[in-house]
Amino acid sequence: MALRTIREMGDPILNKVCKPVKEMTPRTAELIEDMFDTLYESNGVGLAAPQVGILKRIFVTDVTGEDPRVFINPQILESSGEQTGNEGCLSVPGKTAVVTRPNYVKVGAYNEKMEYFELEATELLARCICHESDHLDGHLYVEKAEGPVMDVSELVDNEEEEES
Ligand code: NI
């Protein structure tokens, strides 16, 4: 198990556009393993490679704790509907804001074996895929915040908080 340091807002690497992955290498496979270790250690639901300082188009998600997924060179092929709710980010620790995202997305990507797949996702996984895809283009959710970016402690207890 190897944890990577999570870059935080203000670090210019988070605003750069990531490069496509051409082939799976031992180094990239290790990166993906470390990203999962770092995600679980942080109790997040998604993590993108630039958040650990690597400018590759890779993100990992696990919105249930039992659903690990790897997305390499992802492309959102379709989206529809909308969901409005609180969002957070491991690179913006302790903060949350309301963001509206599509409620459905269809994404095409490659897995850790560089096999192409398409996935339809709704609700939290759809939100997470949109949030992580934005990271690969150098964007943070705070740019899309509707209203103030608040401290998580200001949220009332029954609101759900997810960080990615
Ligand atoms: Ni994030």
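The values are calculated or read from the model by the stated rules, or taken from the named source; none is laboratory data. As the structure is a computational prediction, the values presented were derived from the model and not from experiment. Cβ atoms come from the backbone with ideal geometry, glycine included; neighbour counts cover every protein chain shown. To get the accessible areas, we keep the full protein, side chains included, count just its heavy atoms, and leave off ligands, DNA and RNA. Shrake-Rupley method; radii C 1.70, N 1.55, O 1.52, S 1.80 Å.
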Helix 123-136 vs. the chain, principal-axis angle (Cα, 0 to 90°, nearest 10)
60
Rg/Rg_ref, the stretch 12-163, where Rg_ref = 2.2 N^0.38 Å and atoms are Cα
0.99
Counting only protein heavy atoms and rolling a 1.4 Å probe, one gets per residue an accessible area for the chain in Å² of 51
FRET efficiency for Asp11 and Leu119 from the Cβ-Cβ distance with R0 = 35 Å, rounded to 0.05, comes out at 0.75
Nothing charged except the Cβ atoms of Lys and Arg (+1) and of Asp and Glu (-1): what's the magnitude of the dipole of the chain about its Cα centre? Round to the nearest 20 debye.
920
Report the FRET efficiency, 1/(1 + (r/R0)^6), for Asn111 and Asp151, where r is their Cβ-Cβ distance and R0 is 25 Å, rounded to 0.05.
0.10
Report for the chain the percent antiparallel among DSSP-assigned beta bridges with both residues inside it, nearest 5.
95
In the stretch 65-106, the GluC sites (Glu not before Pro) that fall in loop regions by DSSP, at most 15 other Cβ within 10 Å:
Glu66, Glu82
Show me the ranking of peptides 125-137, 29-41 by mean Cβ neighbours inside 10 Å, starting with the highest.
125-137, 29-41
When the accessible area of the chain is split by element with a 1.4 Å probe, what percent falls to carbon and sulfur?
47
On the full set of protein chains, 1.4 Å probe, figure out the accessible area of Arg7 and give it in Å² to the nearest 10.
80
